[in-house]
Amino acid sequence: MGAPLDTIILGAGTAGLAALREVRKRTDRYLIVNEGPWGTTCARVGCMPSKALIEAANAFHRRHVFEEFGLRGSEGLAADIPAVLQRVRALRDDFVQGALEATEGLGAHALSGRATLLGPRSVDIDGTAHATRSIIIATGSRPTVPKEWLAFGGRMLTTDTLFDQPTLGPRIAVVGLGAVGVEIAQALARLGLEVAAFTTGKTLAGLSDPAINAALAARLRQDLALHAGAKAELREVPGGIEVRSGHHRVVVDQVVAAMGRTPNTEHLGLDSLGVPLDERGLPAVDRQTLQVGDLPVFLAGDANAQVPVLHEAGDEGHIAGMNALAAVPARFERRTPLSIVFSDPQVAAVGQRHRDLEAAHTVTGTVDFADQGRARAAQRNHGRLNLYAHAGTGRLLGAELCAPGGEHLAHLLALAVQQKLSVHGLLGMPFYHPVLEEGLRTALRDAARQLPPAAESDLATCTAIGVAALD
Ligand SMILES: Cc1cc2nc3c(=O)[nH]c(=O)nc-3n(C[C@H](O)[C@H](O)[C@H](O)COP(=O)(O)OP(=O)(O)OC[C@H]3O[C@@H](n4cnc5c(N)ncnc54)[C@H](O)[C@@H]3O)c2cc1C
C-alpha cells in the first residue's frame, strides 16, 4: 500500500455525490468507488421514474371527473402502457445523464468496483488494498425480496426492474404498502391495470394517525383491491401467480415486491471495524456527525437505515464529507423531519408524528377537505389534515395529512415547525383566497379553539364567517 489517501467514498449515489462535493473542496487525495451502474438510485430506479409514472397515471385518471366538469368524450381515452413506460424511461435517462455529470472528469479518482472494508483505515477495491485516513460509506439500499419469491423469475418485479418492462399486467399484485408500495399500486391501478395490494399491517404509507390512515385507505379502495392485516403468500397456479392473504385470493400475471429496502452493508466487512453490530449487522451511527463510534468512518444515506429519503441522504453526505476531513467531527443540527408520499391525495408527515405525541399534552386541529372551497372547485375535495400543537404553549409540533396539494402544505408546515411557530403565530400569516392553504387555516383555527386564548391580537383568529367556501 502507498501513502494513505485522505478519504475513500464508497458508493456514488445521492449521499456519496454530496460527500464528494465537500471532499473535492478540501483535498485531491481521495477515491470514489461505485459498484454497478452509476447515476444514483433516485434518478435510475427511484424518485424520478416513479414520479414520471405517477404523473401519467394521474393525468389519465382525471378523465373520471370530466363529466362532472361538463367535458364530454373521455370514454375515448386509452392508456398505451408501452408508450407510458417509454416516456418514463426517456425522462429517466435524462435525469441519469444529469447525475452522471457529477463524476465526469474525475479520472483516476473514480473507480467502478466493489469496495470492502479491511479495517477503519483500509479499503479493498476489487482485490487491491488502499490505505486511507478516513472512509465514507454511502452504499445505499436495495429492494427486499423473500428468497423463495425469486423463483417467479421475470414476473417478480421490484422498482429496480419495473420501469424497464416493455409492458405490464393486466393483473398485478403489489405486496407491501409503505411509501413506495402505495405510490406504485395506485399509479398502476390508475393506468387501468387490475391491481390487488397487500400489507401485513393496518397502516399505509408510513402513517401513524388513524384518521389520516383511514382517509388514505378510503381513497385507495376506489382505485384498487386493498387487503390489509395478513401476510401475503405466493404460489404458482395454472394461469399465473396466486396471492393469498387471510380470506382473500387473487391470481395475477406479475407481482411487485415493495416490502421495504435492505441496506447494502452485509458484504462490506463492517465486522472489521471492531465495533458492535446490531441484529441488522449495522454499527451505531451518531445522527449529528454520521460517525461510527470514534473511528474515522462515516455512514451516510440509505446505508445507515435511519431516514431513507433523498434530502436526508444529501444532508448526510455533506456532513460525512465535511467530517471525514475535519480534525474534530462537527455536530450538525438536523432539519425538521419531512416525508411525502406521491399518492393522490398526497400523504405527508412533518415534525413529530401522531405516534410520538403524548395525548395529554397535545391539541389536534383537523380539516376535512371534502368541504374545502378550492378543492371542490377542482374536484379534488378528498382527504384530511391533522396538525399537532403543544397544549400549553400552542407551539406547532407536527402534522400528518392525506390532502390535495399535500406536498406544498407539508413544506409550509415544515417551515412553521422548524421556525418554532405557534398555532396563533401561523394564523397571523396572510392566507390568500381561494387556496388549499385555507384548509390548513381551518385546521389551525380548530386547534386554536382548544388552546388557551392568545395574548396577542390576531386578526386571523376572528370567528369564521360560516361560509364553507371562505372558511
Ligand atoms: C421507487 C422509489 C421511489 C423513491 N421516491 C422518493 C421520493 O419521492 N422522495 C425521496 O426523498 N426519496 C425517495 N426514494 C428514496 C431515495 O431514492 C433514496 O433515499 C436515495 O436515493 C438514497 O441515496 P443513497 O446515496 O443513500 O443510495 P444510492 O443512490 O442507492 O447509492 C448507493 C450506491 O452505492 C453503490 N454500492 C453498493 N455497494 C457498494 C460497494 N460495496 N462498493 C461500492 N459501491 C457500492 C450502489 O450500487 C449505488 O450506486 C425513493 C426510492 C425508491 C426505490
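The values are calculated or read from the model by the stated rules, or taken from the named source; none is laboratory data. As the structure is a computational prediction, the values presented were derived from the model and not from experiment. With ideal geometry, Cβ positions are generated from the backbone for all residues, glycine too; neighbour counts draw on all protein chains shown.
Annotations
- Options L421, L385, L451, L409: the member that is within 24 Å of L357 (Cα to Cα), modelled with pLDDT of 95 or more, touching a Phe, Trp or Tyr at 6+ places or on another chain (Cβ under 9 Å) and surrounded by 15 or more Cβ atoms within 10 Å (Cβ to Cβ): L385
- In region 287-297, the residues that are touching a residue at least 24 places away in the same chain (Cβ under 8 Å) and either of a type in the set (S, T, Y) or more than 13 Å from G119 (Cα to Cα) (or both): R287, Q288, T289, L290, Q291
- Cross-chain or 6+ apart pairs with Cβ under 6 Å, region 216-233 first and under 17 Å from L188 (Cα atoms) and at pLDDT 95 or above, then polar (S, T, N, Q) and not in a loop (DSSP other than H, G, I, E, B): D223/Q186; H227/S245
- For region 348-368, the criterion of being closer than 27 Å to A57 by Cα, among the small types (G, A, S) and within 15 Å of the ligand (Cβ to nearest atom) is satisfied by at least one residue.
- All positions within region 306-320 that are over 15 Å from L17 (Cβ atoms) and within 10 Å of the ligand (Cβ to nearest atom): V307, P308, V309
- Within region 248-269, tally of residues that are surrounded by 20 or more Cβ atoms within 10 Å (Cβ to Cβ) and either within 13 Å of the ligand (Cβ to nearest atom) or farther than 28 Å from L193 by Cα (or both): 9
- Which listed residue is over 21 Å from the mean Cα position of the chain (by Cα), farther than 19 Å from T159 by Cα and within 16 Å of the ligand (Cβ to nearest atom), from V65, V23: V23
- Of all the listed residues (G176, G192, G206), the sole one being on the phi > 0 side of the Ramachandran plot and either away from the ligand (no atom under 14 Å from the Cβ) or of a type in the set (D, E) (or both) is G192.
- For E233, the test of being under 24 Å from F152 (Cβ atoms), among the charged types (D, E, K, R) and loosely packed, with under 15 Cβ neighbours inside 10 Å is passed.
- Just one of (1) over 21 Å from N304 (Cβ atoms); (2) exposed (fewer than 14 other Cβ atoms within 10 Å of the Cβ); (3) of a type in the set (S, T, Y) fails for T144. It is (1).
- Helices (runs of 4 or more DSSP H) wholly inside region 3-72 that include at least 3 residues being surrounded by 16 or more Cβ atoms within 10 Å (Cβ to Cβ) and either hydrophobic (A, V, I, L, M, F, W, C) or touching a Pro at 6+ places or on another chain (Cβ under 6 Å) (or both): 14-26, 41-45, 47-61
- Restricted to strands (runs of 3 or more DSSP E) entirely inside region 91-199, those with at least 2 residues that are of a type in the set (G, A, S) are 110-112, 115-119, 128-131, 194-199.
- Scanning region 76-132 for residues that are within 14 Å of the ligand (Cβ to nearest atom), in contact with a strand residue (DSSP E or B) (Cβ under 8 Å, 6 or more places away or on another chain) and either small (G, A, S) or under 30 Å from A189 (Cβ atoms) (or both) gives A110, S112, G113, A115.
- Some residue of region 321-333 being within 16 Å of the ligand (Cβ to nearest atom) and either hydrophobic (A, V, I, L, M, F, W, C) or surrounded by 16 or more Cβ atoms within 10 Å (Cβ to Cβ) (or both): yes
- With respect to (1) within 23 Å of the chain's Cα centre (by Cα); (2) assigned to a helix (DSSP H, G or I); (3) within 30 Å of V237 (Cβ to Cβ), the lone exception for R87 is condition (3).
- Out of A303, A327, A349, A375, one residue alone is in contact with a helix residue (DSSP H, G or I) (Cβ under 9 Å, 6 or more places away or on another chain) and either closer than 16 Å to A447 by Cβ or not in a helix (DSSP H, G or I) (or both). It is A349.
- Residues within region 354-382 that are in contact with a strand residue (DSSP E or B) (Cβ under 6 Å, 6 or more places away or on another chain) and not acidic (D, E), tallied: 9
- L162 vs. criteria over 30 Å from Y30 (Cα atoms) and buried (at least 20 other Cβ atoms within 10 Å of the Cβ): yes
- Within region 165-182, residues that are closer than 14 Å to V145 by Cα and hydroxyl-bearing (S, T, Y) reach no partner that is at pLDDT below 95 and assigned to a strand (DSSP E or B) with beta carbons closer than 8 Å at six or more positions or on different chains.
- Residue match in region 43-51 (condition: modelled with pLDDT of 95 or more, on the phi < 0 side of the Ramachandran plot, among the basic types (K, R) and within 16 Å of the ligand (Cβ to nearest atom)): yes
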